[in-house]
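The values are calculated or read from the model by the stated rules, or taken from the named source; none is laboratory data. Here the structure is a predicted model, which means the values were calculated and not measured. Reconstructed Cβ throughout: ideal geometry from the backbone, glycine too, with neighbour counts over all protein chains shown.
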Amino acid sequence: MVRVGLQISATLENIDKLETSHPDYPFFLKLTCSNCGEQSDKWHDITESERVGQDTRNAAGSNFVMKCKMCARENSIDIVEKSNVAYTADDAGSFKTIVVFDCRGVEPVEFSPRAGWRVSSSENGQAFEDVDLSEDDWVEYDQKNNNSVGVYEFASKFIKLKK
């Protein structure tokens, strides 16, 4: 069992907070089997509010279960409860862990941000729902504060964490 943190970095313009629509946000990941090294060529979505794979070994199930197409090993991932945090203006420009995955037999290697983010403007400005970061940049206009808001240079990486 390995814990892997998803870290993001971005430049924020007039934004206090960038966060996922937790716990219903689907994290789209490409995965690699820890046993044989096979990397998935398709995106897998993992959502904290969804449970799959309940059986006699794991009554609670996991957030994601898959069987490796090369070695046929069954692997699973859980989103660690209460690990989902916001990326704030203070974090801008540096990498910060926003969620932690508990990985058994498989590890994430790529992240696609897509839609479902929430953005809070600075100075009690407008809140934006279901923001799409699939282009790694997003720009809008805050009517309350009469200024532009934006997320630029979005980047992500994974790090292995100590328990």
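Side notes on the structure shown:
- Selection within the range 86-106 - within 12 Å of the chain's Cα centre (by Cα) and small (Gly, Ala, Ser): ALA86
Results for (1) in a strand (DSSP E or B); (2) in contact with a helix residue (DSSP H, G or I) (Cβ under 8 Å, 6 or more places away or on another chain); (3) more than 22 Å from GLU153 (Cβ to Cβ); (4) charged (D, E, K, R), shown as yes or no for each residue.
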site: LEU12; (1), (2), (3), (4): yes, yes, no, no
site: LEU18; (1), (2), (3), (4): yes, no, no, no
site: HIS22; (1), (2), (3), (4): no, no, yes, no
site: LEU29; (1), (2), (3), (4): yes, no, no, no
site: CYS71; (1), (2), (3), (4): no, no, yes, no
site: ASP78; (1), (2), (3), (4): yes, no, yes, yes
site: SER83; (1), (2), (3), (4): no, no, yes, no
site: GLY93; (1), (2), (3), (4): no, no, no, no
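- Close contacts from the range 109-123, counting a first residue that is β-branched (Val, Ile, Thr) and a second that is outside any strand (DSSP E or B), with Cβ to Cβ under 9 Å and a gap of 6+ residues or different chains, come to VAL109/SER40; VAL119/GLN126.
- Of all residues in the range 73-92, none satisfies the criterion of being at pLDDT 95 or above and at positive phi.
- Filter result (surrounded by fewer than 16 Cβ atoms within 10 Å (Cβ to Cβ) and either touching a residue at least 60 places away in the same chain (Cβ under 8 Å) or among the charged types (D, E, K, R) (or both)) within the range 39-54: GLN39, ASP41, LYS42, TRP43, ASP45, GLU50, ARG51
- Condition met for LYS157 (assigned to a strand (DSSP E or B), surrounded by fewer than 15 Cβ atoms within 10 Å (Cβ to Cβ) and not acidic (Asp, Glu)): yes
- Condition met for LYS82 (without any contact (Cβ under 8 Å) to a residue 40 or more places away in the chain and of a type in the set (D, E, K, R)): yes
- Test: residue in the range 117-137 that is modelled with pLDDT under 95 and closer than 30 Å to GLY61 by Cβ: no
- Test: residue in the range 89-108 that is aromatic (Phe, Trp, Tyr), in contact with a strand residue (DSSP E or B) (Cβ under 6 Å, 6 or more places away or on another chain) and under 19 Å from VAL4 (Cβ atoms): yes
- Among the residues of the range 3-23, just one is over 16 Å from THR88 (Cα atoms) and at pLDDT below 95, namely PRO23.
- Restricting attention to the range 107-133 and to residues that are assigned to a loop (DSSP other than H, G, I, E, B) and under 28 Å from GLY37 (Cβ atoms), the residue that is nearest to the chain's Cα centre (by Cα) turns out to be PRO113.
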